[in-house]
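Have a look at the structure below before the remarks.
Any read-out appearing in this document is the output of simple, stated calculations on the displayed coordinates, not a laboratory observation. Since the model is a prediction, treat every value here as computed from it, not as a measurement. Here the Cβ positions follow ideal geometry from the backbone for every residue, glycine too, while neighbour counts run over all protein chains shown.
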């Protein structure tokens, strides 16, 4: 009579140990080469390829939407008639995202000393922004970015008398603490410059549409809100499709593993007879 002790000991040791019996490489590949597993593999690989293509399509859509949005923003900036700054926002008020990048006009006179903002990058080059204090005809102060230069040299002289400027407006930056030479500031902070120039002051700065001096390069205007951002929702969909594709291959691996275990159990049962 055949003893069942070894079988029971194996079962008890399996229960006491890992709940996932190991499958050798040989067992796995013998099960994987069966006609059934190969057919399932073909179907799941096809599903994974479809998921991969859908993921790539979603990535293309994400960047395509960004390009379309940027192009639309540029068209809006070019087609929109400049608005007087005083009609768009009052001094001290917050500049909203819908205002950023829109063309504005402002009239006033330059008063005081120019400042340089170091450690900026424009068009891939190290840049020093040249900022001038403008006293508007309404009596408020406004930071005006005239342009940029490649060194911290003395900026060109300011235009004299009343000037009418056109450019794009954007929100002022937060104040930063930095040890800089005289005539340089670390950020375009209205809060800081209010202590230097006085009040009222716009909580914004103007980037000139074109530099007012040949020695300065024009700073690209800020983008309209959402103008050039990649669509994160489409990128999330792309990740989901890639996960689905990977899951299809995981499913095949688990099916083959279960098939190998079943074949082992059947072989053990036959050996006990």
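Arranged from fewest to most other beta-carbon atoms within 10 Å of their beta carbon, 59, 49 become 49, 59.
Give me the number: length gained by fully extending residue 270 to residue 150, i.e. 0.36 nm times residue separation minus the C-alpha to C-alpha distance, one decimal in nm.
Using 0.36 nm per residue and subtracting the Cα-Cα distance, I get 34.8 nm.
Fully extending the segment from residue 49 to residue 247, taken as 0.36 nm per residue of separation minus the present Cα-Cα distance, adds 70.1 nm.
When DSSP beta bridges are restricted to pairs lying wholly in segment 100-222, around 85% turn out antiparallel. In square nanometres and to one decimal, what's the mean projected area of the convex hull around the Cα atoms of segment 101-208? Over all viewing directions, segment 101-208 projects a mean Cα-hull area of 6.6 nm². For residue 126 and residue 57, a Förster radius of 41 Å and the Cβ-Cβ distance give a FRET efficiency of 0.60, rounded to the nearest 0.05. Stretching the chain fully between residue 191 and residue 98 yields a gain of 31.3 nm (0.36 nm per residue, less the alpha carbon separation).
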